[in-house]
Amino acid sequence: MIDELRFERVIDAPPDVVFEAFTTAGGQQAFYGQDDPGWIVESECDLRVGGVWTVTFGPSRSHLYRHRHVFEVIDRPWRLVLATTEFRADGSTLDIAIEFAFEERDGKTHMTMTQSGFPTAELRDEHGRGVPNAFARLERAIHARE
Amino acid sequence: MHHSATLNRTFFALSDPTRRSILERLAGGPATIGELAEPLGLTLNGVKKHVGILEDVDLVVTAKVGRSRECQLGPAQLQEATGWIDAYRRAWERRLDRFGAYVEERR
């Protein structure tokens, strides 16, 4: 079962540069990009509280994922809080909260991404320990066979 | 042929809501037949029958513990779940890596 996931990086640039990159097209393309040829990233970002940042990405037009982020807090250049919905390839969705913190350390940025608010019961049952997406897939498979 | 037969049995095992409830309960940790029976309002024999079907397709494994039979999720399920979390974490790790590299390359 997951309660919180935390990721950290030190980036060799001051917080205002990192924040600016993260909230504009180039950085967002990099965040969701991959080196694979043909990889698609389409990002539309309305940077304001209540605004939506939608990213569609994936290896081909027929296999795309989508993340929809709603900005809940924008504290430039230190902090962003997003309410995120992941639309998964199997048709399921996952709602989580993501907080980005950009902290200055000796001219560099200590960037922290914290993910929380996992729907624990669902995750426990479907993802965390038991049967990842299995029930949803199963229901569809059973209905398809009926 | 064998694979297909197993898949059919797995679908059958999972198609029953009581058996799905048993799996959901076991996702929270191991339980004895008695512990499974009570909240489901089933007899011990009823639960044994369902657990037997789940065990048959490796969704559940059981072991005798003292006078009880303890049930837990089968190894295939745990592997799948662990794989999911690892893949999820790796995907976000890679995003931060790429973003960090992008910012540093631009400087």
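Go over the candidates A:101, A:97 one by one and state the one that is at pLDDT 95 or above and more than 12 Å from every other protein chain (Cβ to nearest Cβ). Reasoning before the result, please.
On the way: A:97 fails: at pLDDT 95 or above.
Result: A:101 is the single residue among A:101, A:97 that is at pLDDT 95 or above and more than 12 Å from every other protein chain (Cβ to nearest Cβ).
Take the residues in region B:63-88 that are at pLDDT below 70 and hydrophobic (A, V, I, L, M, F, W, C); name whichever of them is nearest to the chain's Cα centre (by Cα). So, considering only residues that are at pLDDT below 70 and hydrophobic (A, V, I, L, M, F, W, C), the one nearest to the chain's Cα centre (by Cα) is B:78. Can you pull out the residues in region A:6-29 that are in a helix (DSSP H, G or I) and within 17 Å of residue A:112 (Cα to Cα)? Correct list: A:15, A:16, A:17, A:18, A:19, A:20, A:21, A:22, A:27, A:28. Within region A:20-33, being farther than 14 Å from residue B:107 by Cα and either over 15 Å from the mean Cα position of the chain (by Cα) or more than 11 Å from chain B (Cβ to nearest Cβ) (or both) holds for A:23, A:24, A:25. Of all residues in region B:1-31, those that are modelled with pLDDT of 90 or more and surrounded by fewer than 18 Cβ atoms within 10 Å (Cβ to Cβ) total 1.
The values are calculated or read from the model by the stated rules, or taken from the named source; none is laboratory data. If you're wondering where the values come from, they're calculated on a predicted model, not measured in any experiment. Counting neighbours? That spans all protein chains shown, and the Cβs are built from the backbone with ideal geometry, glycine included.
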